[in-house]
Structure formats: structure tokens, C-alpha cells
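**Q** This is the structure, below, for whatever I ask next.
The values are calculated or read from the model by the stated rules, or taken from the named source; none is laboratory data. This one's a predicted model, so the numbers in the text were calculated from it and none came from an experiment. Positions of Cβ are generated from backbone atoms using ideal geometry, with glycine treated the same way; all protein chains shown enter the neighbour counts. Heavy atoms of the whole protein, side chains included, go into the accessibility calculation; ligands, DNA and RNA do not. Shrake-Rupley method; radii C 1.70, N 1.55, O 1.52, S 1.80 Å.
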Amino acid sequence: MKNTKTYTRREFLKTSLVGAGLTLAAVVTPEGIRILTAAEAEKDMAFQPNVYLRIAPDDTITVIVSKSEMGQGVYTSLPMIIADELEADWKKVKIVPAPAGAEYKDPVWGMQSTGGSTSIRHMHDTLRKAGAAAREMLVLAGSEALKAPLRECAAVNGTVRNMKSGKGFSYGKLVFEASRLPVPKDPVSLVTPVGWASNSVGKATVRISATTAIRWFISDTRTRFRAFWIGLMGRTVTG
């Protein structure tokens, strides 16, 4: 898994609108979880999605993580939920740490916060629905590109394949076609009462983001300490 720079919501959506591929945003509403395209999320700013997922033409999958990494592994575990539902190649997944902002509120607490061992419990359903919606859109786009019946096509490790012929396309080759499709309102999750063959969840995974998270933490701590020291010195000098 790779890491990248921090984006604001506006920056992420605007870059997604200029040919960056398939971008989805998920928001928890009183009526349930709603999935939006980048264009819909940018147009209707009244909605404040707390999950963002983008699949680029180079097969890179970017997930904005709205929880703080404090050594508990959310920079790994939360993207794994999307990757699992998306049938993604985990090596192609990268994370973007969310900046401070109202749009990254915890869907249960209603504020941007991390704690109480709640990150997965609060974000699980939203992440899964976003991943499932993207997968269904990609499979439909793949079946059209392969000129094969939808029932014969499936998502397999970052590709859409005709399970009879074995032919297929990577997600990156399908993002433009998929981005033109309507977003499914009720995508079917891979989770069933009898379980599923997980690609990511439940398997040992190296926390590639750990070193980066520590570096961010040190940088943030230094910034906060400098601000505190300047404020303290100001009060000391002025009395």
C-alpha cells in the first residue's frame, strides 16, 4: 500500500472531475448510506460525504481516511475494508489522510474524532457500500467492454474477467466507462451469512503506513509545541 499527500475535499473532487477516473463519495443520511459520484458531491455541497474512493486509469486506488492514525492501524484496516469489497489488488491501494474539516465527521458521533475503538464499527458499513458500488459499476463496464453477459463476469483481484473465456480488463482500463454509469443505490455486499473468500480482511498485512504515520505525528507535535511555546512566551513577556 502506498501513501500520498493530504487533499482537501474540494481539491480531491476537482481533480476527480478532470479525467482522474472513477470517483465515489459516501455519506450517511437519515435514510441510510448514499453513494455519490464526484460530480454529484461537488454539485450538492449540502451533503458531506465521509468516505472518498477513487480508481485511476493507472489502476491506483486512493482512499481518503477520515480517522487519525495513532498506532492502532486505521490507515491499514479501513482501506482494507474497501479493498476487500472492491476485490482490489491491495498493492495498488494508497491512502490520503483527511485534513481537519466538517465533511470528515464520524457518522455516529457527528464530529471529526477518533477513539474508543470505534473506527471500524462506525465506518464499516459505509466503506463496504462504497466498495460494493464501485465493484458493481466496474463489472458492468467490464461486461460491456468484453461483450459478455453480466452473469459471466466477475471482479477478480483488480480486474473484471469473463469467467468462461478468462479474458478481462484491469480496473484502470474500465474507469472511464464505469464513471458514466449510474451509481447503484443498493449494491450487493460480498459478505453473506455463510461468509466469503476475503482478499484482505482477516489476513496478516504489513502496516506499510506505520512509518509515515509516526513521521506525521512527530511533525504535528512539533508544530503544536511551537505554537504553545510562542503563546506562552507572549503571555510571559506581556505579563
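**Q** Collect the residues in segment 54-75 that are crowded, with 23+ Cβ neighbours inside 10 Å and either within 23 Å of Leu138 (Cβ to Cβ) or of a type in the set (Gly, Ala, Ser) (or both), keeping them in residue-number order.
**A** Correct list: Arg54, Ile55, Ile61, Thr62, Val63, Ile64, Val65, Ser66.
**Q** Could you grab me the full set of residues in segment 86-135 that are assigned to a loop (DSSP other than H, G, I, E, B), without any contact (Cβ under 8 Å) to a residue 60 or more places away in the chain and not charged (D, E, K, R)? Talk me through it step by step, then tell me what you get.
**A** Here is the first cut: in segment 86-135, the ones assigned to a loop (DSSP other than H, G, I, E, B) are 87-89, 98-101, 105-118.
Imposing the further condition that a residue be without any contact (Cβ under 8 Å) to a residue 60 or more places away in the chain reduces the set to 100, 105-106, 108-118.
Correct list: Ala100, Val108, Trp109, Gly110, Met111, Gln112, Ser113, Thr114, Gly115, Gly116, Ser117, Thr118.
**Q** Return yes when Gly166 is of a type in the set (Gly, Ala, Ser) and either surrounded by fewer than 13 Cβ atoms within 10 Å (Cβ to Cβ) or touching a helix residue (DSSP H, G or I) at 6+ places or on another chain (Cβ under 6 Å) (or both) and no when it is not. Reasoning before the result, please.
**A** Numbers: of a type in the set (Gly, Ala, Ser): yes; either surrounded by fewer than 13 Cβ atoms within 10 Å (Cβ to Cβ) or touching a helix residue (DSSP H, G or I) at 6+ places or on another chain (Cβ under 6 Å) (or both): yes.
In short, yes.
**Q** Hey, another quick one. Of the numbered conditions (1) open to solvent by 30 Å² or more (accessible area, probe 1.4 Å); (2) more than 25 Å from Pro184 (Cα to Cα); (3) among the acidic types (Asp, Glu), Asp89 fails exactly one; give the number of that condition.
**A** Of the numbered conditions (1) open to solvent by 30 Å² or more (accessible area, probe 1.4 Å); (2) more than 25 Å from Pro184 (Cα to Cα); (3) among the acidic types (Asp, Glu), the odd one out for Asp89 is (2).
**Q** To continue, here is another question. How about segment 76-110: which of its residues are touching a helix residue (DSSP H, G or I) at 6+ places or on another chain (Cβ under 7 Å) and either over 20 Å from Leu24 (Cβ atoms) or of a type in the set (S, T, N, Q) (or both)?
**A** Within segment 76-110, Ser77, Val108 qualify.
**Q** Would it be correct to say that Met80 is modelled with pLDDT under 60 and of a type in the set (A, V, I, L, M, F, W, C)?
**A** No; evaluated as a whole, the condition is false for this residue.
**Q** Can I ask one more? Filtering segment 24-53 down to residues that are of a type in the set (Ser, Thr, Tyr) and open to solvent by 10 Å² or more (accessible area, probe 1.4 Å), which residue is modelled with the lowest pLDDT?
**A** If we take residues in segment 24-53 being of a type in the set (Ser, Thr, Tyr) and open to solvent by 10 Å² or more (accessible area, probe 1.4 Å), then Thr29 is modelled with the lowest pLDDT.
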